[in-house]
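Peer 1: Before I ask anything, let me first share the structure, which is written out below as structure tokens.
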Amino acid sequence: MTFKQLRYDELGVTPLMAYQQMGYGDTVPTPDVVAEMEEVMRMAEETAVPSFCFSVVPALPGFRWGKIIERQLQGAVAYAVFLCTAGEQFAQLQKQLKNDIVRSFIADALGSVVAERTADVMERSLQETIDKLQWQHTNRFSPGYCGWHVSEQQRLFALFGEENPCHIRLTSSSLMLPEKSVSGVIGLGPDVRHLPYTCHLCDKNGSCQWSRHH
């Protein structure tokens with residue numbers, strides 16, 4: 001298993017990323033929102049401890065990820081299962097800001113960006129691991145998307161054991177705590193490819209992070 005704890009400044013998070021997550025697109029919001037964003041980002045930089053872990057396994061028997069993901073994973077000769085999180089410290093920051101509507105909204109969007117940027121770093125680390133095999137990797141796929149039922153989180157987390165190094169926990173309804181976390185699978189092999197996200201195949205109707213940025 002590969003585990004790494006990151007510094008916030010390693011993620012390259014920008015205000016624009018958070019604005020896009022908030023629904024502004026490429027439009028810069030009003031000066032008061034910009035000022036609030038700067039303050040929340042300062043808090044996040046001081047508190048967030050993002051981390052990721054992944055394991056490469058030869059097979060994943062029993063997973064029911066549906067036709068869309070199965071098609072995207074065709075040709076894989078191994079799989080990486082991964083966990084990424086903005087961290088418990090960021091979750092505590094969100095709790096501190098919960099009574100401030102604007103900052104709470106900003107922190108929610110920023111946390112999603114931090115988790116996804118952590119997953120981006122994880123992908124680069126994974127590619128470095130498989131470069132020696134001259135393998136490539138597919139897109140990453142998470143339970144709850146593209147027809148893969150969120151209940152499969154239980155099966156996925158079991159592969160990491162009870163004390164996974166990222167310290168992400170599952171609720172009885174298979175939601176992750178801290179909430180700003182990402183889990184999933186990536187196909188590996190010499191004949192797989194990383195493709196543009198085929199949003200038209202999915203059932204989320206533009207409600208995920210990839211549809212906003214691809």
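Peer 1: Please verify whether R7 is of a type outside the set (D, E), loosely packed, with under 12 Cβ neighbours inside 10 Å and farther than 20 Å from I186 by Cβ, treating the condition exactly as stated.
Peer 2: Details: of a type outside the set (D, E): yes; loosely packed, with under 12 Cβ neighbours inside 10 Å: yes; farther than 20 Å from I186 by Cβ: yes.
So R7 fits the description; yes.
Peer 1: Let me ask something additional. When you check R155 against the structure, is it surrounded by fewer than 21 Cβ atoms within 10 Å (Cβ to Cβ), of a type in the set (D, E, K, R) and under 20 Å from L60 (Cα atoms), yes or no?
Peer 2: Here the answer is yes, as R155 does meet what is asked.
Peer 1: Tell me which residues, restricted to the stretch 69-88, are open to solvent by 50 Å² or more (accessible area, probe 1.4 Å) and of a type in the set (A, V, I, L, M). Lay out the reasoning, then the answer.
Peer 2: Step one: filter the stretch 69-88 for residues open to solvent by 50 Å² or more (accessible area, probe 1.4 Å), giving 70-71, 74, 77, 88.
Residue satisfying the conditions is V77 alone.
Peer 1: Is there a residue in the stretch 56-76 that is acidic (D, E) and touching a residue at least 60 places away in the same chain (Cβ under 8 Å)? Let's see the steps before the verdict.
Peer 2: Filtering the stretch 56-76 for residues acidic (D, E) gives 70.
Okay, now just the ones that are also touching a residue at least 60 places away in the same chain (Cβ under 8 Å), so none.
Checked against the condition, which is being acidic (D, E) and touching a residue at least 60 places away in the same chain (Cβ under 8 Å), the stretch 56-76 yields no hits at all.
Residue-wise test of (1) surrounded by 15 or more Cβ atoms within 10 Å (Cβ to Cβ); (2) over 25 Å from E162 (Cβ atoms); (3) out of contact with any strand residue (DSSP E or B) (no Cβ under 7 Å at 6 or more places or on another chain).
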{"site": "V49", "(1), (2), (3)": "no, no, no"}
{"site": "K67", "(1), (2), (3)": "no, yes, yes"}
{"site": "F90", "(1), (2), (3)": "yes, no, yes"}
{"site": "A119", "(1), (2), (3)": "yes, no, no"}
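Peer 1: Same structure, new question: Among the candidates V56, V33, V28, single out the residue that is within 23 Å of C166 (Cβ to Cβ), surrounded by fewer than 21 Cβ atoms within 10 Å (Cβ to Cβ) and either more than 17 Å from the chain's Cα centre (by Cα) or at pLDDT 95 or above (or both). Spell out the reasoning first.
Peer 2: Numbers: V33 fails: within 23 Å of C166 (Cβ to Cβ); V28 fails: within 23 Å of C166 (Cβ to Cβ).
Of the residues listed, the single one that is within 23 Å of C166 (Cβ to Cβ), surrounded by fewer than 21 Cβ atoms within 10 Å (Cβ to Cβ) and either more than 17 Å from the chain's Cα centre (by Cα) or at pLDDT 95 or above (or both) is V56.
Peer 1: Among the listed residues V56, V28, V34, which satisfies the condition of being part of a helix (DSSP H, G or I) and either over 22 Å from I168 (Cα atoms) or out of contact with any helix residue (DSSP H, G or I) (no Cβ under 6 Å at 6 or more places or on another chain) (or both)?
Peer 2: Working: V56 fails: part of a helix (DSSP H, G or I); V28 fails: part of a helix (DSSP H, G or I).
After applying the criteria, what remains is V34.
Peer 1: Shifting gears a bit: List every residue pair whose Cβ atoms lie under 6 Å apart, where the two residues are 6 or more positions apart in sequence or sit on different chains, the first residue falls within the stretch 95-108 and is within 18 Å of L177 (Cβ to Cβ), and the second residue, located anywhere, is among the polar types (S, T, N, Q).
Peer 2: Sorted first by the residue in the stretch 95-108, then by its partner, the pairs are L97/S104; K98/S104; A107/Q94.
Peer 1: Name the residues in the stretch 122-179 that are at negative phi, part of a loop (DSSP other than H, G, I, E, B) and small (G, A, S), would you?
Peer 2: To start, the set of residues in the stretch 122-179 that are at negative phi comprises 122-133, 135-143, 145, 148-160, 162-166, 168-173, 175-179.
Narrowing further to those that are part of a loop (DSSP other than H, G, I, E, B): 135, 142-143, 145, 148-149, 159-160, 162-166, 168, 171-173, 175, 178-179.
Within the stretch 122-179, S142, S172, S173 meet the criteria.
Peer 1: Is it true that V192 is more than 18 Å from C53 (Cβ to Cβ) and open to solvent by less than 20 Å² (accessible area, probe 1.4 Å)?
Peer 2: Details: more than 18 Å from C53 (Cβ to Cβ): yes; open to solvent by less than 20 Å² (accessible area, probe 1.4 Å): yes.
Answer is yes for this residue.
The values are calculated or read from the model by the stated rules, or taken from the named source; none is laboratory data. If you're wondering where the values come from, they're calculated on a predicted model, not measured in any experiment. Quick reminder, even Gly has a Cβ in these numbers, built from the backbone with ideal geometry, and neighbours come from all protein chains shown. What goes into the accessible areas is simple: the full protein's heavy atoms, side chains included, and nothing from ligands, DNA or RNA. Shrake-Rupley method; radii C 1.70, N 1.55, O 1.52, S 1.80 Å.
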